[in-house]
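Encoded as structure tokens, the structure appears first; notes follow it.
Where a number appears in this text, it was derived from the coordinates with a stated rule and is not lab data. Nothing here was measured: the structure is a model prediction, and the numbers come from that model. Neighbour counts are summed over all protein chains in view; Cβ atoms, including those assigned to glycine, are modelled from backbone coordinates with ideal geometry.
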Amino acid sequence: MPIVQVAFDLPLDRLFDYLAPEASAADVGLRTLAPFGSGQKVGVILSVVSESRWPEEQLRPVTAIWRDTPPLSQADLKLLHFCSTYYHHPLGAVTLNALPPGLRRIKGWSPPRRRRKCAEVEPVAAPTLTSEQQAAVASVLSGMDGFQPVLLHGITGSGKTEVYLRLIEQQVAAGRQVLVLAPEISLTPQLEQRFRQRLPGISMVSMHSGLGEKERAVRWLEAQNGEAAVVLGTRSAIFCPMPRLGLIVVDEEHDGSYKQQEGLRYSARDLALVRAQQLQIPAVLGSATPALESWWNVQAGRYRLLSLSDRAISGARLPSIRLVETSAAQAQDMSPVVLEALASRLARKEQSLVFVNRRGYAPVLFCPQCRWISGCSRCSARMVVHLRRHELRCHHCGLKHPIPQRCPDCGNTHLETLGSGTQKIEAALHSHFPSARILRLDSDTLTRREAWEETLKTIHAGEVDILVGTQLLVKGHDFPRITLVAALGVDQALYSSDFRSSERLFAQLVQVAGRAGRAADSGEVLIQTAFPGHPLFQSLLAHDYPGFAQRELEERRLTGFPPFAYQALLRASSENPAALEKFMQEAVEATPPRQHGLEIYDPVPPPLARLAGKARLQLLVQAPHRAQLQEFLSAWEARLHALAPRSVQWSLDVDPTEL
């Protein structure tokens, strides 16, 4: 009798055997409902065999095999197998989480009664390509047969998106599908509108977590059926099945959002390259500030570099950048220079953007008398002041408290705030410019699905004078009316213990600067800093990413950090600190014999040593070769499973981006 081997979303790296009299090899990749314990679970059939290692009388029959949707293809399963092996995450958990939530329901799948309609858009004619854009398109098209990783390095406003669109048109005309990844859900509406304007006759779906369960499943199935020629999505869209996939585009490939930080800790950018290699198709990575790993791969000859060094709009120039020297204490507030520049833009009826990468009113509430600080009782973090709701809020665990009227320790009624968030800067702007139309944009104000679309319309209609926002506001958005950008509070990244902090800051400031002067009007960028002589700022003033990257790579080479080494973190947490420390010590003692060059560091607390009531420790493993690291992790993982008590939760993070 046929036996199906089923993968479930469980923290166990094994398959489960069930009797299935009507099953055949064609059922591999289908969803199934099967008894598990005293209940039922949804799984995916990964193989059909004639024998089991368990006696047949011990096997239970499946409840149902659902054939209402196509099975995952062998290509899809191959990617999921790689993901499970490389990131050391159970295959069942990888497979089930690759499905949209609507297809994981025990009650089975039923399409929505009403589909969410896409807004009507007016088609827009294709612009004339610059010579650099033409060369980039021609270069990619010349190597469409086979795996071809391309790094498209283009300054902000150079027209990378138009290059993507021309490549998409060619691929769709040839009968192939295209997957386009964007780093943030906030970017998807703008990208989707632009794609629909330029590709009006092409079937396209967008995939992101803001969709309802059923709508997301419908779009996923349209891609799997081949009905959707273009899939535009965020990180999880890398798993979307596309039977005729011919090209993968990763926009803003350097962005940290492509790395999943919980559960299956995968990198969507890296999996895009793996998927392209498995299918032998091209992959285009685009960025104004490529990840240093990508830049190094160009130098090593593994990627091909295409450059766009001029802005696409005729007459548009890169903005001038000016450093405004302030004291360390004043760098987070608006200096007189910034206020004067804002006033001049208001007088000329131009838009300005004030960048503060910290939401809330202030990051700290403290007592000047006894030095009490508003700490979170569940995390090793400070409670952030949210003045409008009159509450203290932990941005890590979500704990909320009313702002105290007096100091909890000494009773002092005069409490003060330290630092500035978007709410404080917004209030200061209203005070300085009472007649200005000011709009704050951060994750506190953008809570509804439609909020971004409505906000973008307001900005483009010229109904806003000054924008105040976090990094959500600067990633890839095109605001032609903005001529001034002011960046506040950027210095903290210069003295971070994370070796990637300078790379992140440079990329962030380039993105911030790129919002100014994208049309014919010239733009200006003011960056407040207490360290104007820092080499990072000097490279920024010269718009010199290659010089910055070369200096950073040389430092990484000398210190032995990626991309000149490969890393993995053992992360563990527990409500029982003693059990956590015991597990980590035993994990060190249980490490398998290590090859030459592989290093294991002592367990240490992460920067956030306590989160949501749980103590946390991490242990770094570093090796000179990827294969060497993988071999070590595979042997170590089995021992970790045997060691960990139920009170300790642990995971391996391969290629971590946050230490």
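May I ask you to list the residues of region 78-96 whose amide nitrogen lies under 16 Å from a point 7 Å from Cα along the Cα→beta-carbon direction of Arg14?
Under 16 Å, as judged by backbone N against the label point of Arg14, lie 90-93 of region 78-96.
Sort Ser502, Ser497 by Cβ crowding within 10 Å, fewest neighbours at the top. Kindly include the intermediate steps, with their values, before the conclusion.
Working: Ser502 20, Ser497 7.
The fewest-first ordering by Cβ neighbours comes to Ser497, Ser502.
So, counting K/R as plus one and D/E as minus one, what does the shell of residues with Cβ under 13 Å around Gly613 add up to?
Net local charge, Gly613 excluded: +3.
Gln278 versus Ala578, label points 7 Å from Cα toward the beta carbon: distance in nm?
4.6 nm
Within region 64-100, what residues put their amide N at less than 18 Å from the label point 7 Å along the Cα-to-Cβ vector of Ser209?
Answer for this model: 94-100.
Between Ala25 and Ala174, how many nm apart are label points set 7 Å from Cα along the C-beta direction?
3.1 nm
Taking the beta-carbon count within 10 Å as an exposure proxy, list Thr422, Thr657 from fewest neighbours to most. Before the final figure, lay out each step's value.
On the way: Thr422 26, Thr657 17.
Ranked by crowding around the Cβ, least crowded first: Thr657, Thr422.
For Arg616, Arg322, what ranking results if the residue with the fewest other Cβ atoms within 10 Å of its Cβ goes first?
So the residues, fewest neighbours to most, are Arg322, Arg616.
Computed from these coordinates, which is volume of the Cα convex hull per residue in Å³: (1) 196; (2) 206; (3) 182?
(3)
Pull up the cross-link candidates among the aspartates and glutamates for Lys424, meaning alpha carbon to alpha carbon under 15 Å and not fewer than 8 places away within one chain.
Counting by Cα, and skipping residues close in sequence, Lys424 has these aspartates and glutamates nearby: Asp333, Glu391, Glu416, Asp442, Asp444.
Sort 566-578, 280-292 by the packing proxy (mean of other Cβ within 10 Å over each peptide's residues), most packed first. Write out the running numbers ahead of the final one.
Details: 566-578: 18.3, 280-292: 23.2.
Highest to lowest by the protection proxy: 280-292, 566-578.
Taking only DSSP H segments of four or more residues, each worth -39500 (n - 2.57), what value at 222 nm results for the chain once the sum is divided by all its residues, to the nearest 500 deg cm²/dmol?
-9000 deg cm²/dmol
What does the extension gain come out to for Lys349 and Ser496, with contour length at 0.36 nm per residue minus their alpha carbon separation? All intermediate terms of the calculation are to be shown ahead of the outcome.
Numbers: separation 147, 0.36 × 147 = 52.92 nm, distance 3.87 nm.
Difference between extended and current length: 49.0 nm.
At 7 Å along the Cα-to-beta-carbon direction for both Thr85 and Ser647, put a label point, then send me their distance in nm to one decimal.
3.8 nm
In region 75-161, which trypsin sites (Lys or Arg not before Pro) fall in coil by DSSP and have 13 or fewer other Cβ atoms within 10 Å?
Details: sites: Lys78, Arg104, Arg105, Lys107, Arg113, Arg114, Arg115, Arg116, Lys117, Lys160; in loops: Arg104, Arg105, Lys107, Arg113, Arg114, Arg115, Arg116, Lys117.
The qualifying sites are Lys107, Arg113, Arg114, Arg115, Arg116, Lys117.
Counting Lys and Arg as +1 and Asp and Glu as -1, each charge on the Cβ, what is the dipole of the chain about the Cα centre in debye, to the nearest 20? Could the numbers behind the result be given before it?
Values: 72 positive and 66 negative charges, 276 e Å.
Here the chain has a charge dipole of around 1320 debye.
I want the local charge near Ala590. Using Cβ-Cβ distances under 11 Å, sum +1 for each Lys or Arg and -1 for each Asp or Glu among the other residues.
Values: positive: Arg639; negative: Glu586, Glu589, Glu637.
Neighbourhood net charge equals -2.
Expressed in nm to one decimal, what extension gain is obtained for the pair Arg437 and Asp544 from 0.36 nm per residue of sequence separation less their Cα-Cα distance? Let's see the in-between values first.
Details: separation 107, 0.36 × 107 = 38.52 nm, distance 3.48 nm.
Computed gain between Arg437 and Asp544 is 35.0 nm.
Which one of Met334, Val231, Pro123 has its Cα pushed farthest toward the positive end of the charge dipole of the chain, where Lys and Arg give +1 and Asp and Glu give -1 at the Cβ?
Highest projection toward the positive end goes to Pro123.
Need the full-extension length gain, Glu416 to Leu339, defined as separation in residues times 0.36 nm minus the C-alpha distance. One decimal, nm.
Details: separation 77, 0.36 × 77 = 27.72 nm, distance 2.39 nm.
Computed gain between Glu416 and Leu339 is 25.3 nm.
Net charge near Leu365, counting Lys/Arg +1 and Asp/Glu -1 over other residues with Cβ under 9 Å of its Cβ? All intermediate terms of the calculation are to be shown ahead of the outcome.
On the way: positive: Arg382; negative: Glu416.
Here the count lands on 0.
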